[in-house]
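One structure below.
The values are calculated or read from the model by the stated rules, or taken from the named source; none is laboratory data. Note that this is a predicted model, so its numbers are computed, not measured. Positions of Cβ are generated from backbone atoms using ideal geometry, with glycine treated the same way; all protein chains shown enter the neighbour counts. Accessible surface is based on the protein model in full, side chains and every heavy atom, while ligands, DNA and RNA are left aside. Shrake-Rupley method; radii C 1.70, N 1.55, O 1.52, S 1.80 Å.
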Amino acid sequence: MQPPGRQPIGFWTVRAGEAIGARTRAALEAIGVTQPEWWVLQQLCSHPDGMPRADLTRTIGPNNTVAAVDTAVAAAIRKGWVREDGANLGATEAGAEQFERAAQVQQVLQDERMRGIGEDEYVTTITVLQRTIANVGGAAWHW
């Protein structure tokens, strides 16, 4: 393998995204939550008064597609995790409980990903990726 400085960043970012996504989806699915449902619960539990569906979609939409967000919201409503009051969505008590279980899984996954990686290295990596995206004319945002 070539030294890291001669390897393509695009290759490694795609492989990292695939590996992290697969691991995250499998761990969440083991407790009955899809990754898009996690995004929904995370946002709604961070907004105790609920939030308009349009704001939720706008916030988590860049993670996937509007259709994926709509499917996750519908599934979360069917599962009793989310209540709908007109255009406003909110987490139910069952949703908050499921969010806490999923948040514990996410913390385990973050600890796993960070093994052998210092906080400074992580910040540098994120900063370099953000700058790389901007350098090639891309745009990205994360809540």
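Overview of values
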{"read-out": "The chain: calculated mean residue ellipticity at 222 nm from DSSP helix runs of at least 4, using -39500 (n - 2.57)", "value": "-21000 deg cm²/dmol"}
{"read-out": "Solvent-accessible area per residue for the range 13-123 (1.4 angstrom probe, square angstrom)", "value": "55"}
{"read-out": "Residue among LEU44, VAL73, GLY90 farthest towards the positive dipole end of the chain, charges placed on Cβ", "value": "VAL73"}
{"read-out": "Solvent-accessible area, 1.4 Å probe, carbon plus sulfur percent, for the chain", "value": "57"}
{"read-out": "Correct option for Rg and Dmax of the Cα atoms in Å [calculated from the coordinates] among (1) 13.9, 48; (2) 17.2, 56; (3) 32.0, 104", "value": "(2)"}
{"read-out": "Contact order normalised by residue count of the chain, Cα under 8 Å, 6+ apart, percent", "value": "22"}
